[in-house]
Amino acid sequence: MITSFSQLPLTWVIIDMVSFFLFMYCIVHVIKTEKTPIPKVFTLFAFLIYSGIFENIGHAMGWHPYSPYRILRVGNIGLGTSMMEAVLFYSAYVLVRNLKMPGFLKPFAIAFLASVADFVVDPVMHWDAYMYEDVRHTQWMWTPDYSDNFFGVPFYNFSGWIFLMLWFALSVNIGEWVHKKFNYSKKIGYIYPWLLPVTSMLFMVMPTSTILLYGSFNGQVISERIPELIMLCIHCTVALFILIRYRKISESFNAKKDAVGFIVPMAFNMVYVLVGFARGLSEAYVPMIVVTVLHAFYLFYIYKQGKLNKTQKNIRTS
C-alpha cells in the first residue's frame, strides 16, 4: 500500500493536476467572457456529476476498473478524469458555436471534437503502467478485451466517449432552448444545468446504446472487435462529414473569448505526448503523434478561417 504522497505515480499526478488547472481555467474563462456566467459554470459542474456517475458505473460493472492510486478521487474514479472530460467538452462547445452549421448538428460536432483527444489519451494511459504489490496498474484497466485493438484499447471505448459527449451536448441544447424560451430567466438558468446529468443518463440507457457502442443488435453487451470497429468507423465518418461540410466560420474568432477552444485540446495532447516520450511508451507513439498532428492541423485551419473571415469583414466595412 502507498503510505506517502511521494509514492503516487508521478505521471498520473501531473496529468490530474493539469486537468484540475485547466478546469479552473475554464471556470475563469466563463466568468470573464459570458454575460450570464452562472448557467455555464453550473453546466461544467453538472458535467462532473454526469461523468462521475458514468465512470463509477463502468468501474462497478467491471468494464474499466480504476486504479486506487490516484491523487484526486471521488468514489471509485479519479476526479481528474471527469475534469478532463468536462474541459474537453467545454472547449469543443466554444469552438463549434462559431461554425456555420445548423443548430441541430452542433451537438454531433461537439461530441466528436471533444473525443478526438481520447485517441491520444487512452493509448498513453494504457501503457503508462506502474507496479504495486506485483500487480500492474494503469489509471483505468480494460477488462472486455481482444487482440488487434487500437493500441491496447477496445474500439467501443472511443464510441463511448463520442456518445458520452453527444448526450450531454444534446441535453445542453435542450436546456439552452428552454432558457431562451423563458427569456433567459435567472431561475431557469440556475435550475436547468443540474437536470443535464439526468437527461444525459436517460439518453445513455436507451436500448440503442448497445448497437451504437458494440454493434450488438440483441441488447446484450458483447465486446467483439469487428462490430465495434464498424460502429466506430460509422460514427467518425458521419462526424467528419459534418465538420468538413460545415467548416466555414459564422463569426470571427475573438482572442479572449475563443482561445479556450484551441488551448485546452492542444494542451492535453501535448501533455500526453510528453508523458509518452518521457516514459518511453513506444507502443503509443503512433496514435499520440498522428492524432495530435491531425488535430493541430484542423484547429489551425479553423483558426485561419476565422482570421480570413475577419479580414473580409474589415474590407467590406472599409
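Got a sec? Which of ILE242, ILE226 is under 22 Å from the mean Cα position of the chain (by Cα), assigned to a helix (DSSP H, G or I), under 30 Å from GLY152 (Cβ atoms) and of a type outside the set (Gly, Ala, Ser)?
Result of the check over ILE242, ILE226: ILE242.
How about the stretch 119-132: which of its residues are surrounded by fewer than 24 Cβ atoms within 10 Å (Cβ to Cβ) and either under 19 Å from VAL291 (Cα atoms) or touching a residue at least 24 places away in the same chain (Cβ under 8 Å) (or both)?
Answer for the stretch 119-132, where residues must be surrounded by fewer than 24 Cβ atoms within 10 Å (Cβ to Cβ) and either under 19 Å from VAL291 (Cα atoms) or touching a residue at least 24 places away in the same chain (Cβ under 8 Å) (or both): PHE119, HIS126, TRP127, ASP128, TYR130, TYR132.
Would you please name the residue that is modelled with the highest pLDDT, looking only at residues in the stretch 149-194 that are of a type in the set (S, T, N, Q) and within 16 Å of the chain's Cα centre (by Cα)?
Per the stated criteria, the residue is SER171.
Looking only at residues in the stretch 2-17 that are outside any helix (DSSP H, G or I) and of a type in the set (A, V, I, L, M, F, W, C), which one is surrounded by the fewest Cβ atoms within 10 Å (Cβ to Cβ)?
Going through the qualifying residues, I end up with ILE2.
In this structure, does VAL198 turn out to be at pLDDT 90 or above, of a type in the set (Val, Ile, Thr) and over 29 Å from PRO123 (Cβ atoms)?
Considered against the rule, which asks whether it is at pLDDT 90 or above, of a type in the set (Val, Ile, Thr) and over 29 Å from PRO123 (Cβ atoms), VAL198 comes out as yes.
Kindly list the number of the only condition in (1) farther than 20 Å from PHE168 by Cα; (2) modelled with pLDDT of 90 or more that fails for LEU240.
For LEU240, the failing item is (1).
Evaluate the stretch 91-103: report whether one residue or more is touching a Pro at 6+ places or on another chain (Cβ under 8 Å) and within 18 Å of SER19 (Cβ to Cβ).
Yes: one or more hits.
Tally up the residues in the stretch 213-227 that are modelled with pLDDT of 80 or more and hydrophobic (A, V, I, L, M, F, W, C), please.
Going through the stretch 213-227 one residue at a time, the tally reaches 2.
Please enumerate the residues belonging to the stretch 96-108 that are in contact with a helix residue (DSSP H, G or I) (Cβ under 9 Å, 6 or more places away or on another chain) and surrounded by fewer than 24 Cβ atoms within 10 Å (Cβ to Cβ).
ARG97, ASN98, LEU99, MET101, GLY103, PHE104, LEU105, LYS106, PRO107, PHE108
When the stretch 239-274 is examined, which residues are found to be closer than 27 Å to LEU213 by Cβ and surrounded by fewer than 14 Cβ atoms within 10 Å (Cβ to Cβ)?
Passing the criteria: LEU240, PHE241, ILE244, ARG245.
Report the residue count in the stretch 22-65 for those that are touching a helix residue (DSSP H, G or I) at 6+ places or on another chain (Cβ under 6 Å) and at pLDDT below 75.
2
Answer yes or no: is there a residue in the stretch 147-162 that is farther than 18 Å from GLU85 by Cα and of a type in the set (Gly, Ala, Ser).
The answer is yes, given that some residue of the stretch 147-162 is farther than 18 Å from GLU85 by Cα and of a type in the set (Gly, Ala, Ser).
The values are calculated or read from the model by the stated rules, or taken from the named source; none is laboratory data. Here the structure is a predicted model, which is why all the values come from computation and not from measurement. Neighbour counts are summed over all protein chains in view; Cβ atoms, including those assigned to glycine, are modelled from backbone coordinates with ideal geometry.
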